[in-house]
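K.L.:
Sending over a structure as structure tokens; questions will come in a sec.
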Amino acid sequence: MAVMVAASLVAAPAASCSLEALDLSGFSVDHRGSIPIALATRAAIDAGHIAELPKDNSARYAALYVIRLRAVAHMRRLAARALSGGPELAVLLTQSGAWMRINDPRTGARYHASPAAETELTVLVPDTVYAALLDGELTVQRATELGLLRVYGTENRDAAIHAFADALSISG
């Protein structure tokens, strides 16, 4: 018992220091993949690959609100086009916790959708990365390489990534 207590006292400061060094603010944990996305996002920010959300709460909210408006407009454009026939995707914007659907058999696409089931084909991407993808500042391939875009619920990861990239091509 004493060994366990001593070990916890030694481990606690190290764990708290490493957690304090990571700023994971602005991320929701709405999916099991949210933490790896948050860690990859922090690494990409530190390496200068992507911009960080503002630290100030009101500025962060405003930035996420603008991305939300762009996501809603993007989903409307997708819903207005003919269905691509690709797989239905649940998409989680990990910083805001917003769920979207792409290739939805009923609506084509929609923002503010129900969360994905554990086995459902799901793409996770930070809101800021989604905006950079829409702007052409980042490619799906590069986002995937950096760990900023992850696919869950399928063995056919390439089909899911292709369907997501196809949806991004309707960003105009």
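The values are calculated or read from the model by the stated rules, or taken from the named source; none is laboratory data. Worth saying up front: this structure is predicted, and the values here are computed from it rather than measured. Cβ: placed from backbone, ideal geometry, glycine included. Neighbour counts: every protein chain shown.
K.L.:
Being surrounded by fewer than 19 Cβ atoms within 10 Å (Cβ to Cβ) and either of a type in the set (Gly, Ala, Ser) or at pLDDT 95 or above (or both) is the filter here, so list the residues in the stretch 162-172 that pass it. I'd like the intermediate steps shown before the answer.
P.N.:
Step one: filter the stretch 162-172 for residues surrounded by fewer than 19 Cβ atoms within 10 Å (Cβ to Cβ), giving 162, 165-166, 168-172.
Scanning the stretch 162-172 gives Ala165, Ser169, Ser171, Gly172.
K.L.:
Quick one: in the stretch 146-164, which of the residues that are more than 14 Å from the chain's Cα centre (by Cα) and part of a helix (DSSP H, G or I) is nearest to Arg76 (Cα to Cα)?
P.N.:
Ranking the candidates gives Ala163 first.
K.L.:
Here is a further query. What number of residues in the stretch 96-129 are of a type in the set (A, V, I, L, M) and touching a residue at least 40 places away in the same chain (Cβ under 8 Å)?
P.N.:
Summing the residues that are of a type in the set (A, V, I, L, M) and touching a residue at least 40 places away in the same chain (Cβ under 8 Å) in the stretch 96-129 gives 7.
K.L.:
Take the stretch 68-97 and flag every residue that is at pLDDT 95 or above, over 21 Å from Ala159 (Cα atoms) and crowded, with 21+ Cβ neighbours inside 10 Å.
P.N.:
Ala71
K.L.:
Could you list all residues from the stretch 118-137 that are out of contact with any strand residue (DSSP E or B) (no Cβ under 8 Å at 6 or more places or on another chain) and in a loop (DSSP other than H, G, I, E, B)?
P.N.:
Matches in the stretch 118-137: Glu118, Thr119, Gly136, Glu137.
K.L.:
Can you pull out every residue in the stretch 98-111 that is touching a helix residue (DSSP H, G or I) at 6+ places or on another chain (Cβ under 8 Å) and surrounded by fewer than 16 Cβ atoms within 10 Å (Cβ to Cβ)?
P.N.:
The one that is touching a helix residue (DSSP H, G or I) at 6+ places or on another chain (Cβ under 8 Å) and surrounded by fewer than 16 Cβ atoms within 10 Å (Cβ to Cβ): Thr107.
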